[in-house]
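Enquirer: One structure, as C-alpha cells, below. Some questions next.
Every read-out reported here was derived from the displayed coordinates using simple, explicitly stated rules and does not represent laboratory data. What you see is a predicted model; the values in this text were computed from it and never measured. When we count neighbours, we look across all protein chains shown, and the Cβ atoms used for this are built from the backbone with ideal geometry, even at glycine.
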Amino acid sequence: MTRRALGLAALATVAAAAIAAAGIAHAGDPQSFERGSWARLMAAHGGTPTVYHFWGLTCGPCIVELPQWGKLLASRSDLRLVLLAADPLPQPPDRVAATLDRAGLGKAESWSFTDRFYERLRFEIDPAWSGELPRTVLVAADGRKTVLPGVADLSQVRAWLDSQAKPRP
C-alpha cells in the first residue's frame, strides 16, 4: 500500500470509531424511540396519511407478517410506512435492521423502543394501549386515527390508502 492509501485507511478507521463512539447509527439501523418521539413523528408526518406499524423481535406473529408488509410497501407508492420495534426490552439495532432487511423493509423508516420503561412510551402513543403486538395505527391527513390491533388485514390497509387518495368534500 502506498503511504497515501495507508493514511486514508487510518483516517477512515478513526472516523468510524468516532461515529461509533458518538452513537450515530449507520444507514439501515432503526432510530431511537424515546420520550417525545411520538409527538415528533406526528409533527414530521402531519398532513400526510401515514401507517405506523408496531412490531417486535419477540413477537412471533409480527415476524411472520413482516414480509407481507414488505410486499405491500413494494406495491404501493402511496404507502408512507413507519415501523416501530416495540419490544418490552430494547433489542440490538443490528438485529432489528437485519430482520427488516429480510422482510423487504430495509429502506422503510424504522424506529426502536430504547427506554427500558417502555410503558411510558406506550402511554405517550395511546394511554389505552396495553402493549399487545402487532398493532397498526393509520393516521389520516386530518389526524384521525384508526387502530388495527393484532395481525393487520392488509386489504383494510389498502382500502384505507385508497380512501385517503380521494378528495374530501
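Enquirer: Mind listing the phi-derived Karplus ³J(HN,Hα) values for segment 47-53, rounded to whole Hz, using 6.51, -1.76 and 1.60 with θ = phi - 60°, and x for any glycine or proline?
Expert: x, 10, x, 9, 9, 9, 10
Enquirer: Would you tally the net charge around E34, using a Cβ to Cβ cut-off of less than 11 Å, leaving E34 out, and scoring K and R as +1, D and E as -1?
Expert: Here the charged neighbours net out to +2.
Enquirer: Could you sort 137-143, 74-80 so that the peptide with the highest average Cβ count within 10 Å comes first and the rest follow in order?
Expert: Packing proxy ranking, top to bottom: 137-143, 74-80.
Enquirer: Amide H of T114: which non-local residues (sequence gap of 5 or more, or other chain) have their own amide H closer than 5 Å, using H built in the peptide plane?
Expert: F33
Enquirer: For I125, what is the net charge nearby, where nearby means another residue's Cβ is under 15 Å from its Cβ and Lys, Arg count +1, Asp, Glu -1?
Expert: With Lys, Arg at +1 and Asp, Glu at -1, the net is -1.
Enquirer: Could you go through segment 124-133 in sequence order and give the Karplus-derived ³J(HN,Hα) for each residue, using 6.51 cos²θ - 1.76 cosθ + 1.60 with θ = phi - 60°, rounded to whole Hz, and x for Gly and Pro?
Expert: Using θ = phi - 60°, the values come out as 5, 6, 7, x, 8, 7, 8, x, 4, 10 Hz.
Enquirer: Would you kindly derive the ³J(HN,Hα) couplings of segment 140-157 from the backbone phi angles with the Karplus curve 6.51 cos²θ - 1.76 cosθ + 1.60 (θ = phi - 60°), listing them in order in whole Hz, with x for Gly and Pro?
Expert: Result, ordered by residue: 6, 4, 8, x, 5, 10, 10, 9, 10, x, x, 4, 6, 7, 5, 5, 5, 5 Hz.
Enquirer: Shifting gears a bit: Return the FRET efficiency for the residue pair D115, R144: r is the Cβ-Cβ distance, R0 is 22 Å, and the value is rounded to the nearest 0.05.
Expert: Once rounded, the FRET efficiency stands at 0.20.
Enquirer: Let me check against my output: what whole-number percent is the relative contact order of segment 25-165, with C-alpha pairs under 8 Å and at least 6 apart?
Expert: Reported as a whole number, the value is 33 percent.
Enquirer: Using a simple spin-label model with points 7 Å from Cα along the Cα→Cβ vector, what separation in nm is obtained for E34 and L154?
Expert: Once both label points are built, they end up 3.4 nm from each other.
Enquirer: Two decimals is fine: what's Rg over Rh for segment 25-165, C-alpha atoms, Kirkwood radius as Rh?
Expert: Here Rg/Rh amounts to 0.92.
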